[in-house]
């Protein structure tokens, strides 16, 4: 635990995590912010590895880097360019900074001053199996609630993000009608109206 | 309500209309003039909402050489090489159409052997051109060049035959007013026999590879649909028109060069979509091979060029001759004022006119559909721009 | 075989619904430019003529007037009719657009506008097509790039026919009109002698 | 120096505070979401540190807790981004200070 | 000398001697043990890591160069061409020449590009591309890191590629690139689901998340997973080829639509890096398909005769050929078609097989069925289920436009316009040819 490699890993990962997080604060472009967030998340995943929590580390990469960040990028791309600005801060930034500094002082004080009575046992092995077993044995109710929550989030997100289907539906039905026609009628008989008349010349 | 309120409401409505939907802005994408699948220097300006085409506008003229003006300074014979360069993928058909128009103006009778040779080369050109059209069409559907290269093999053989006959592969300049420039070389007919013997198997291969390909069906069927009424009204011609079910083929409707003597059929589609255009081309290749077989069997002897003075001055008048080129109805409209050069030289370019309905075909589909539709129309930019 | 539709019959059809809109001169149907759209629509919709397919649309510059040439085709009756209309105004020639009758006129009219400068009233998208906006002049007009001294574009005659048509002999000033931007040839102009009357025959 | 529990706790506290500040100060709704994600990560980091330096039963239950937090975070991001999109669609902005739906 | 004789032994496991090339791990172990004798622990572990990485790079690098040649040659054969045959014997040095050319080319960056993000992706894309090799077992003990969450690691690492692709496409400030990037992101997110579900089937059935564990399970039960779960194999194959942007799912770099997709603006060796990683990913996906579904380094006892990594490479080559084959023959699907295929076909089908795997696992473990009898029965049942599912999908999900066959009729003597068209269409005799339809 005390060897050089571990030190190197911890400090570089800590720098990566905090550096990435700080860059989110100052980056002006939201897309840059998301990329810095990814860097920070990767740093946290690395820190999990130094804590011998490899299952959680892999899950962290899988969900945060592979899914959440991409989801955020998607949301950013769906809003126009003007909304990709991350530089504007709330007017309440000053009081917020004060609150944050107070929180920071108190948490740091607690973290350093408390005697945690840390024991260093051997790290868990086969974490995936253990976590899985405890999930469906001890924590079955929270597990089910979590499943329901995820489903609700899925349905809710789809319901929220679905665009009003009016014009899309009109388009789809006209396209459908055009494509399907009627199998029993000759295609030539399906008279399309688009022969332009004088009034609506061409298109 | 005051006037300013009206204006404000109208502006608000505009803003809402612009930002409705899922909030994404329409994106204008330029396909071309330098783009892997625009078949030359053709530019399509597509307005996209997501992947859906909202508007398609074509910009052409990158290859405009003003041939119609240049032709007014050259004699009737000197104009034949221009026609090669109008549709450089079907030079023989263009030679033929122009020579027919000039012959109508000059009142020249073409010898039967010349007519048979003309039919032979026009049909060979159709085989080559359709091979190219279908190959690039499958490429536009996203295949990785495999069908294209197989079809190019056939095209190469046709071009080899052109080369042994007139020395050029692409811009042949083979037809003359009153016939063809040279008689067939001795080695042509055996080569052609071999070609005709090999083609059925090749076509069977393509059909096995492509016709039941589900992905190709999914990409090409129901895409770029146009109704027969709209097709006729838009002056579409060739395979694009026939795919809608309209059996209009000038070789049957207005036989030239003795097409009435040959047995062949006009394949027509049903839906008027991209896949039907592809199928019509595949079927037309078979019909062309049928014609070629008959031409080879009944090739008459005799002169291959009528006695036409090089320095011909036709009487004042005009002529309009059309042939069924691989791309559609190719016409040449010539006006003579009695001078050595045409007073007016006009080409009815099927590629250009078939593009009339491109916008209607591609709006509402996706970007990928627009590319497939463009590929299925089979344009040649040399002919669009002239 | 496609037959030519009788111009007189077509004139009768047109004049029945729009009297005086059509006349026949030397076997060619001429339409009144003012009532072109009406007349052509009548020809398209009449059962006897059924000219549903606009095969070709172009213009010819006859110096004094522009002649618009339409080739109308009936697919079911398999006949073709050549229709002409004349515009005399050279400064600002204009004509009603046929896009309302034939969608296929869309690009062909743009081409004519581009190269002849004939405006088509009612065309939805009349812009230059091959040449860029602001291109000086209309190339297919006969007076495009007219030279001083009444030298016109075009081939006046064969070299052997008269003295003034003769191919330039080496050293002389070429008589064929050149573009003013062309570099003037330096030194001796080497021009091949024409072949003369040799004719290819079978 | 031995890297122990305190190091991770301090790191977690700093990360939490950065996230907290971002969540409080950014105008952009997606920016706020990023801040919240950072805070959740800081909490997870602290929990995993306790898991490593705690007794065996603590070790397992904290990891399970982290799994739950990650799942809830994913759900939160999905719904949050969907909300941001809807807000954008209705108000043409995703600035949180201009989104005053309840004020009308 | 007895050791040497053991090399050809049919019986034993590997000897553990450094010259036993059946398990290249021996060599590395020897070196690290030697360092551990005199040096600190961390040096040994670092050297072990470096050796493993070098070993992987040493395998991938030359293999990639050869594979570029192989792919071009094979595709050329499909297309009746010769393929590269000028540089070196049989054109073998062509990839080297290409690489040299790419290195020498000017590297352009668009003026409006987001400079930092534009420069990073060609480098970053290498990270998942190399990391992913770490968990591939080349032999019983031959993987750089035999994680017990190997399957999750594989998914996590491969999921990060999409982020790099997005960075590349977005920062280029090019519409084609942005389209490519958005398509790639949408595709990647969607196709990760069937990929996870397909692997979940194996994990549920074999009860381990270690990749080597899955291979060992197949070895132990004498069966390869493609026989047990063919639909998962098909789904994984398709999902992987979609994630790799290979035809028929190469929409994110569809050349006929969006030029080169997300790497349109990259020139020179930057493009070369994208290209190399893409090929490397193709290779690694082939290797993982071979590992998961074809038994990996194990082949019914042949792994005792032949070095296990050669068996794996042979299987990888077979899968790779399959990928080239699909690329050479199939057109490309459209974006919406790919999406609906993923969500409407692959996800339900793989989900079904997760349930099937769970039930069968329960039967084997809780009910204690005899595997020698039960596995063949399950295999037959699953294959039948797969065929049924595919046929059901083909019937149900066909778009309306494809239900009706496309017909070509011959006009015969009817030549003309709409009237003739109606008459031709109303003919009752068989059309000239008719393709597609139900």
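The values are calculated or read from the model by the stated rules, or taken from the named source; none is laboratory data. Because the structure is predicted, anything quoted here is derived from the model rather than measured. Methodologically, a virtual Cβ is constructed for each residue, glycine included, from the backbone with ideal geometry; neighbour enumeration extends over all protein chains shown.
Between E:287, E:345, E:349, which is over 29 Å from residue E:127 (Cβ atoms), away from every other protein chain (no Cβ under 14 Å) and buried (at least 19 other Cβ atoms within 10 Å of the Cβ)? Talk me through it step by step, then tell me what you get.
Values: E:287 fails: over 29 Å from residue E:127 (Cβ atoms); E:345 fails: away from every other protein chain (no Cβ under 14 Å).
Going through E:287, E:345, E:349 in turn, just one is over 29 Å from residue E:127 (Cβ atoms), away from every other protein chain (no Cβ under 14 Å) and buried (at least 19 other Cβ atoms within 10 Å of the Cβ): E:349.
Just to be sure I understand, how many residues within region E:93-131 are surrounded by 16 or more Cβ atoms within 10 Å (Cβ to Cβ) and over 20 Å from residue E:167 (Cα atoms)?
Selection size over region E:93-131: 6.
Within region B:331-344, which residues are at pLDDT below 90 and more than 8 Å from chain C (Cβ to nearest Cβ)?
B:336, B:337, B:338, B:342
Which ones in region E:241-255 are closer than 17 Å to residue B:30 by Cα, at the interface with chain B (Cβ under 7 Å from one of its Cβ atoms) and in contact (Cβ under 8 Å) with a residue 60 or more places away in the chain?
Matches in region E:241-255: E:254 only.
Go through the residues of region B:58-66 one by one and say whether even a single one is crowded, with 21+ Cβ neighbours inside 10 Å, touching a strand residue (DSSP E or B) at 6+ places or on another chain (Cβ under 7 Å) and modelled with pLDDT under 85.
no
Give me the pairs: first residue in region E:415-438 and within 14 Å of chain C (Cβ to nearest Cβ) and outside any strand (DSSP E or B), second residue modelled with pLDDT under 75 and surrounded by fewer than 18 Cβ atoms within 10 Å (Cβ to Cβ), beta-carbon distance under 9 Å, and six or more apart or on different chains, which are they?
Matching pairs, first to second residue: E:421/A:186; E:422/A:186; E:422/A:189.
For residue C:63, work out the one condition from (1) surrounded by fewer than 23 Cβ atoms within 10 Å (Cβ to Cβ); (2) within 29 Å of residue B:227 (Cα to Cα); (3) touching a residue at least 60 places away in the same chain (Cβ under 8 Å) it doesn't fulfil.
Single failed check for residue C:63: (2).
Let me confirm something: among C:38, C:12, C:34, which residue is in the same structural domain as residue C:116 (by TED's automatic domain parsing), in a helix (DSSP H, G or I), surrounded by fewer than 17 Cβ atoms within 10 Å (Cβ to Cβ) and touching a residue at least 12 places away in the same chain (Cβ under 8 Å)?
C:34
State the number of residues belonging to region B:359-386 that are part of a helix (DSSP H, G or I) and facing chain C (nearest Cβ under 10 Å). Working first, answer last.
Filtering region B:359-386 for residues part of a helix (DSSP H, G or I) gives B:359-362, B:367-377, B:381-385.
Remaining after also requiring facing chain C (nearest Cβ under 10 Å): B:359-360, B:384-385.
Final tally of qualifying residues: 4.
Hey, any hits in region E:158-173 for a residue that's away from chain A (no Cβ under 14 Å) and either touching a helix residue (DSSP H, G or I) at 6+ places or on another chain (Cβ under 6 Å) or part of a helix (DSSP H, G or I) (or both)?
Here is the first cut: in region E:158-173, the ones away from chain A (no Cβ under 14 Å) are none.
No: region E:158-173 contains no residue that is away from chain A (no Cβ under 14 Å) and either touching a helix residue (DSSP H, G or I) at 6+ places or on another chain (Cβ under 6 Å) or part of a helix (DSSP H, G or I) (or both).
All but one of (1) under 20 Å from the mean Cα position of the chain (by Cα); (2) surrounded by fewer than 24 Cβ atoms within 10 Å (Cβ to Cβ); (3) more than 18 Å from residue B:130 (Cβ to Cβ) hold for residue B:234; which doesn't?
Status for residue B:234: all satisfied but (2).
Quick one: residue C:78 ticks every box in (1) surrounded by fewer than 24 Cβ atoms within 10 Å (Cβ to Cβ); (2) away from chain B (no Cβ under 11 Å) except a single one, so which number is it?
Only one criterion is unmet by residue C:78, namely (2).
List the helices (runs of 4 or more DSSP H) inside region A:39-120, counting only whole elements, that have at least 3 residues being at pLDDT 80 or above and more than 7 Å from every other protein chain (Cβ to nearest Cβ).
Values: elements: A:54-60, A:69-78, A:93-113.
In region A:39-120, the matching helices (runs of 4 or more DSSP H) lie at A:93-113.
Here are B:118, B:126: which of them is surrounded by 24 or more Cβ atoms within 10 Å (Cβ to Cβ), away from every other protein chain (no Cβ under 14 Å) and within 24 Å of residue E:79 (Cα to Cα)?
Checking each option against the conditions leaves just B:126.
Considering only residues that are within 7 Å of another protein chain (Cβ to nearest Cβ) and surrounded by 20 or more Cβ atoms within 10 Å (Cβ to Cβ), look in region A:13-24 and name the one that is farthest from the chain's Cα centre (by Cα).
To start, the set of residues in region A:13-24 that are within 7 Å of another protein chain (Cβ to nearest Cβ) comprises A:14, A:17-18, A:21-22, A:24.
Of the ones still in play, those that are also surrounded by 20 or more Cβ atoms within 10 Å (Cβ to Cβ) are A:14, A:17, A:21, A:24.
Working: A:14: 22, A:17: 17, A:21: 16, A:24: 15 Å.
Only one residue fits best here, namely A:14.
The rows are residues; the columns are (1) in the same structural domain as residue E:132 (by TED's automatic domain parsing); (2) in contact with a strand residue (DSSP E or B) (Cβ under 8 Å, 6 or more places away or on another chain); (3) part of a helix (DSSP H, G or I); (4) modelled with pLDDT of 75 or more.
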position	(1), (2), (3), (4)
E:9	no, no, no, no
E:18	no, no, no, no
E:23	no, yes, no, no
E:26	no, no, yes, no
E:29	no, no, yes, no
E:32	no, no, yes, no
E:57	no, no, yes, yes
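So which residues in region A:124-134 are surrounded by fewer than 18 Cβ atoms within 10 Å (Cβ to Cβ) and within 7 Å of chain D (Cβ to nearest Cβ)?
Once the filter is applied, which keeps residues that are surrounded by fewer than 18 Cβ atoms within 10 Å (Cβ to Cβ) and within 7 Å of chain D (Cβ to nearest Cβ), region A:124-134 yields only A:130.
Please state which of the following conditions residue A:43 fails to meet, knowing it meets all the rest: (1) over 24 Å from residue E:183 (Cα atoms); (2) touching a residue at least 40 places away in the same chain (Cβ under 8 Å); (3) surrounded by 19 or more Cβ atoms within 10 Å (Cβ to Cβ).
That leaves (2) as the condition not met.
In region C:40-54, which residues are closer than 21 Å to residue C:8 by Cβ, at the interface with another protein chain (Cβ under 9 Å from one of its Cβ atoms) and in contact with a strand residue (DSSP E or B) (Cβ under 6 Å, 6 or more places away or on another chain)?
If the condition is that a residue be closer than 21 Å to residue C:8 by Cβ, at the interface with another protein chain (Cβ under 9 Å from one of its Cβ atoms) and in contact with a strand residue (DSSP E or B) (Cβ under 6 Å, 6 or more places away or on another chain), then C:50 is the only one that fits.
Checking the condition touching a residue at least 24 places away in the same chain (Cβ under 8 Å), facing chain B (nearest Cβ under 8 Å) and not in a helix (DSSP H, G or I), which residue from E:407, E:398 passes? Reasoning before the result, please.
Working: E:398 fails: facing chain B (nearest Cβ under 8 Å).
Of E:407, E:398, the one residue that is touching a residue at least 24 places away in the same chain (Cβ under 8 Å), facing chain B (nearest Cβ under 8 Å) and not in a helix (DSSP H, G or I) is E:407.
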